[in-house]
Amino acid sequence: MIRTLLALDGALVRGSLAFVLGGQDDIDVVAELDGKEQIAPALCSMHPDVAVVDFDLFGAEGPPHCPAGTHRSPMLMLVDPRRSQALSRVLRTHVRAQTVGFLGNHVPPLRVVEGVRQLSRGEPVVDADLVVAALNKESPLTARETEVLQLAAEGLPVREMAIKLSLAPGTVRNHLSRILTKAAARTRIEAVRIAREAGWI
């Protein structure tokens, strides 16, 4: 039996998928979770064969991990295709791994069933359209704007950024203004967060 943990936002979706998975002769749903805080403790204590997780519970942070030396459960992440920007950074780290799979959250339940089986066998599970959309998502920032935002991420004030980049402070402020516009952000902190989730920096 493939011991499977479900961590999905939304009781209806979670319950429906649990019903389909639990109806398979070779799959046993051992836990149904709805909160991000519950997942890591459950993974590390229950050690399921596969965990099916809502990507939106983690975003650019990527999947949770148990302490080194403990069992690491393969994880099938269900992703909203509209979140391809946020997915790009996670994909760059995990797309080649056979312990993390990615499927669109719109796929039929039986595709999730097959994904669980594939991961349990150590086979890669990747929605090709999802990967292409995420990895081809280009940053709207220019090279200079990227440099400015990277320094902003380090918490440097405008004057120090200007010195490092050999620019006038007013020019740095103009770059920051354009960055906020492109990222649809209200503050530098928000722009940094959005850019990191999108894989721009």
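Tabulated data
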{"item": "Residues located in the stretch 9-58, provided they are more than 12 Å from LEU78 (Cβ to Cβ), among the small types (Gly, Ala, Ser) and buried (at least 16 other Cβ atoms within 10 Å of the Cβ)", "result": "ALA18, ALA31, ALA42"}
{"item": "Pairs where the first residue, in the stretch 65-80, is within 16 Å of ASP54 (Cβ to Cβ) and surrounded by 15 or more Cβ atoms within 10 Å (Cβ to Cβ) and the second is of a type in the set (D, E, K, R) and modelled with pLDDT of 75 or more, C-beta under 6 Å, 6+ apart", "result": "LEU78/ASP54"}
{"item": "Counted residues, the stretch 171-201 - those being at pLDDT 95 or above and in contact with a helix residue (DSSP H, G or I) (Cβ under 9 Å, 6 or more places away or on another chain)", "result": "5"}
{"item": "Considering residues of the stretch 151-181 that are within 33 Å of the chain's Cα centre (by Cα) and not in a helix (DSSP H, G or I) only, the residue farthest from ILE201 (Cα to Cα)", "result": "PRO157"}
{"item": "Any pair with Cβ under 9 angstrom, 6 or more apart, that starts in the stretch 145-165 at a residue that is over 10 Å from VAL192 (Cα atoms) and ends at one that is at pLDDT 95 or above and hydroxyl-bearing (Ser, Thr, Tyr)", "result": "ALA162/THR171; LEU165/THR171"}
{"item": "Looking only at the stretch 67-79, and only at residues there that are part of a loop (DSSP other than H, G, I, E, B) and modelled with pLDDT of 70 or more, the one that is farthest from ALA40 (Cα to Cα)", "result": "PRO74"}
{"item": "Number of positions in the stretch 153-179 that are surrounded by 14 or more Cβ atoms within 10 Å (Cβ to Cβ) and closer than 24 Å to PHE58 by Cα", "result": "1"}
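The values are calculated or read from the model by the stated rules, or taken from the named source; none is laboratory data. This structure is a prediction, so every number in the text was calculated from the model and none was measured. Virtual Cβ from ideal backbone geometry, glycine too; neighbours counted across all protein chains shown.
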